[in-house]
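Step one of this worksheet: look at the structure below.
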Amino acid sequence: MNRCPKSPKEMVGGMMYFPRMLDKIRLHAQGELGTDYHQNLGKAHAADGACCAFLGVDYAALTRRVLEGGTDEEILEWCWQSGRRPREFDLMLWNSFGSKLGWRDFAAPTLERAKKKHGIEHRTDIVTIPDLIDFDEGRIS
């Protein structure tokens, strides 16, 4: 069974996307992550890489830590100890970046191509990549 990961809008420790990345790692290790997600898993040019760069941790090291077990909160604390602990302002910037990705920025053409592929180019409520992901994964219809 291929399951989809948590919404990119979910937060832990005041940080968007982090729970989704951990969920993808866990699902992949269990053989339950949909194959559509495999190509960008941990890639520097994708959200996983951006998240790891923001935290100052290596994706492979994070994967090892996730597979050792623990809650999302415990793993985020490990990231803060192993990499860097973002300030409140840094988290605000990260969350703004993550929540608005695809809205009037470099990712807007990608969003428009994906909406066209899904036949939803008319949808004015899907204005960001996170909106599109939630649509694609069935969290919004």
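Some points to look at:
- Bridging of residue 115 to aspartates and glutamates at a Cα separation below 18 Å is possible for 36, 105, 125, 131, 134, 136, 137, once same-chain residues fewer than 8 apart are set aside.
- For the range 43-55, 3J(HN,Hα) per residue [Karplus equation, 6.51 cos²θ - 1.76 cosθ + 1.60, θ = phi - 60°, Hz, x = Gly/Pro]: 6, 4, 7, 10, 4, 4, x, 5, 5, 5, 4, 4, 7
- Dipole magnitude for the range 102-141: about 160 debye, using +1 per Lys or Arg Cβ and -1 per Asp or Glu Cβ, origin at the Cα centre.
- With helices as the sole contributors, the chain gives -15500 deg cm²/dmol at 222 nm; each DSSP H run of n ≥ 4 counts as -39500 (n - 2.57), and the sum is divided by every residue.
- Cross-link reach list, aspartates and glutamates versus residue 43, counting only Cα pairs under 14 Å and skipping chain neighbours closer than eight places: 58
- Sequence ranges 36-45, 123-132, ranked by mean other-Cβ count within 10 angstrom, highest first: 123-132, 36-45
Where a number appears in this text, it was derived from the coordinates with a stated rule and is not lab data. Because the structure is a prediction, the values reported are computed rather than measured. Cβ: placed from backbone, ideal geometry, glycine included. Neighbour counts: every protein chain shown.
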